[in-house]
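Below you'll find the structure, written out as structure tokens, and then a few comments.
The values are calculated or read from the model by the stated rules, or taken from the named source; none is laboratory data. The structure displayed is predicted, hence computed values, not measured ones. Note: ideal-geometry Cβ built from the backbone for every residue, glycine included; neighbour counts use all protein chains shown. Surface accessibility is based on the protein's heavy atoms, side chains included, excluding ligands, DNA and RNA. Shrake-Rupley method; radii C 1.70, N 1.55, O 1.52, S 1.80 Å.
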Amino acid sequence: MNLTLTRPSLRQFTRYLAGVVVVSTGATLGIKSNLGAAPYDALLTMITDRTDLPFWVTAWLLQAVWIAWILRAGGRFDIGTLVHSLSFGPIMSVLLDVMPEATSTFHSVLYLVAAVSGMALGLWLYLGAKFVAGMVDTLFETLIRRHRWHPGAVRTTFDLGCVAVAWAGSGPVGVGTVVLALGVGPLLSVLDAGLLRPATWRGIPLGKPKPVHLELVDTTEYRILDTH
């Protein structure tokens, strides 16, 4: 673990904090929709319900699992990633206590639409701050780098594993789980519009590739030009 922390500007930090709150709100809306939570949130909720532990404790315990896995796989993370990953549990614990559950099909659909939009917008905000990555993102990138696995395969396997365990434990798995799993990524890519380079979401690169300008040196050699 790297104990250094890049000091962000006030604008970066404000955008980052807004993103964390918006993502947490979107995830909480998914849980409260009664249509099914996002895969990872469904797992967290199932464990919380089964163990009677506070939500934030469950979240921190799972973060400890990811940390151990990253270190075992030879990966590294900094103190910013650790603080970032530990922030979601307490925030969502508060939101889960104060946010009412959806009481009708109409409300459930509204909650789900807001959940997809909120999670995509929140991720766009904090990833766009170019300040810190999440622990799960770091785990995925570590596994992809070490084992040369395809990013999409890693994310799909992780989500399916979360859903399978949550479903086996009677967690909040439903049509909303599918909508959140498949809907956040494409919406995030639309919001991205090339602003998040370089950034990933769960190991999947976001944004358009940075254009490379070439100059013909001779008939067999090209030189990359620095346009900045």
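At what distance in nm do the modelled label points of His147 and Ile79 sit from each other, each positioned 7 Å from its Cα along Cα→Cβ?
Here the answer is 3.2 nm between the modelled labels.
Of His107, His84, which has the most accessible area and how do the rest follow, probe 1.4 Å?
So, going from the largest accessible area down, we get His107, His84.
On full extension of the chain, what length is gained from Ser9 through Leu182, given 0.36 nm per residue of separation minus the C-alpha to C-alpha distance?
Difference between extended and current length: 59.0 nm.
Using the Kirkwood radius over Cα pairs, work out the Stokes-Einstein diffusion coefficient for the stretch 43-180 at 20 °C and 1.002 mPa s, in µm²/s as a whole number.
Using the Kirkwood radius from Cα pairs, D works out to 129 µm²/s.
Computed over the Cα atoms of the stretch 32-119, what is the ratio Rg over Rh, Rh following Kirkwood?
The Rg/Rh ratio comes out at 1.04.
Ranked highest first by the average count of other Cβ atoms within 10 Å around their residues, in what order do 54-61, 18-25, 115-122 fall?
115-122, 18-25, 54-61
Report the gain in length on full extension from Val175 to Arg50: 0.36 nm times residue separation, minus Cα-Cα distance, nm rounded to one decimal.
Working: separation 125, 0.36 × 125 = 45.00 nm, distance 2.18 nm.
Using 0.36 nm per residue and subtracting the Cα-Cα distance, I get 42.8 nm.
What nm distance separates the two modelled labels at Leu160 and Ala64, each placed 7 Å from Cα along Cα→Cβ?
Placing both labels 7 Å beyond Cα along the Cβ direction yields 3.0 nm.
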